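Read the structure below first, then the notes.
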Amino acid sequence: GNSVTQMEGPVTLSEEAFLTINCTYTATGYPSLFWYVQYPGEGLQLLLKATKADDKGSNKGFEATYRKETTSFHLEKGSVQVSDSAVYFCALSDMYSGGGADGLTFGKGTHLIIQP
Amino acid sequence: EAGVVQSPRYKIIEKKQPVAFWCNPISGHNTLYWYRQNLGQGPELLIRYENEEAVDDSQLPKDRFSAERLKGVDSTLKIQPAELGDSAVYLCASSLGDRGSGNTIYFGEGSWLTVV
């Protein structure tokens with residue numbers, strides 16, 4: 001079956017530090033990959049996505065590259081801000097299994113804390 | 001354009017009582033999802049609708065949970081009777097179901113349930 005594994009948190013960094021949150025996946029077909037962000041007390045917001053191998057998703061200074069050879073989709077940002085503090089979820093949607101639009105399989109989330 | 005709208009945002013009930021959550025998806029989105037998110041975990045799919053048809057309800061605890069999507073637009077998720085372990089955030093989401101775009105799924109802010 002499908003699964004997503006992401007690094008355990010919390011991850012604590014100082015402002016302007018470089019961020020990497022690791023994510024690896026297992027899928028039976030040809031998944032699309034996503035990063036969602038959840039701020040305290042709010043729902044999930046799509047941060048970025050990639051639909052095929054070697055695609056790079058980017059948004060708000062965050063980037064992630066779909067690496068089929070290593071089944072990874074690591075999230076990076078060059079200089080984090082206090083406002084980036086949130087929980088980040090890696091997820092996949094398998095476009096092969098079943099019919100119609102498949103749902104998302106999520107990792108457990110990584111809590112990011114940015115200190116001034 | 002309005003996003004996915006859910007109500008109520010917060011609900012506290014006593015165990016054995018019923019509770020219902022309502023969701024209005026993004027206009028034009030044929031696919032609707034209900035997820036449950038336990039504290040410190042990623043969301044888990046409960047049920048997926050394609051228009052008014054429930055095409056994946058394998059993870060829905062059918063002894064106490066029910067859902068409907070009359071007319072293929074709004075949806076209601078019901079729990080009766082609620083148990084202490086049902087305390088969680090119930091997230092509604094919707095998508096176009098377009099595999100070509102990677103089937104991006106958009107989430108509401110969630111309904112936060114506490115069973116006491």
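The values are calculated or read from the model by the stated rules, or taken from the named source; none is laboratory data. This is a predicted model, so every value here is computed, not measured. Neighbour counts run over all protein chains shown; Cβ positions are idealised from the backbone, glycine included. Please note that ligands, DNA and RNA were not included when accessible areas were found on the heavy atoms of the full protein model with its side chains. Shrake-Rupley method; radii C 1.70, N 1.55, O 1.52, S 1.80 Å.
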query: Given the conditions (1) within 13 Å of another protein chain (Cβ to nearest Cβ); (2) open to solvent by 50 Å² or more (accessible area, probe 1.4 Å); (3) outside any loop (DSSP other than H, G, I, E, B), which single one is not true for B:Ile12?
result: (1)
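Answer with yes or no whether A:Ala101 is at pLDDT below 90 and open to solvent by less than 10 Å² (accessible area, probe 1.4 Å).
Details: at pLDDT below 90: yes; open to solvent by less than 10 Å² (accessible area, probe 1.4 Å): yes.
Taking the combined requirement at face value, the residue satisfies it.
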field: Boolean, A:Gly41 is without any contact (Cβ under 8 Å) to a residue 60 or more places away in the chain and of a type outside the set (Lys, Arg)
entry: yes
query: Taking the range A:56-97, which residues are within 14 Å of chain B (Cβ to nearest Cβ), modelled with pLDDT under 95 and more than 17 Å from A:Thr110 (Cβ to Cβ)?
result: A:Ser93, A:Asp94, A:Met95, A:Tyr96, A:Ser97
query: So which residues in the range A:27-55 are more than 8 Å from chain B (Cβ to nearest Cβ), of a type in the set (S, T, N, Q) and under 30 Å from B:Tyr10 (Cα atoms), if there are any at all?
result: A:Gln38
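Residues are listed down the side, and each one gets a yes or a no for (1) surrounded by fewer than 16 Cβ atoms within 10 Å (Cβ to Cβ); (2) more than 11 Å from chain A (Cβ to nearest Cβ); (3) touching a residue at least 60 places away in the same chain (Cβ under 8 Å):
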residue	(1), (2), (3)
B:Thr31	no, no, yes
B:Asn38	yes, no, no
B:Asn51	yes, no, no
B:Asp56	no, no, no
B:Lys62	yes, yes, no
B:Phe65	no, yes, no
B:Leu70	yes, yes, no
B:Ile79	no, yes, yes
B:Gly85	yes, yes, no
task: Tell me the strands (runs of 3 or more DSSP E) entirely within the range B:23-86 that contain at least 1 residues that are under 23 Å from B:Lys11 (Cα atoms).
output: B:31-37, B:44-50, B:65-68, B:75-79
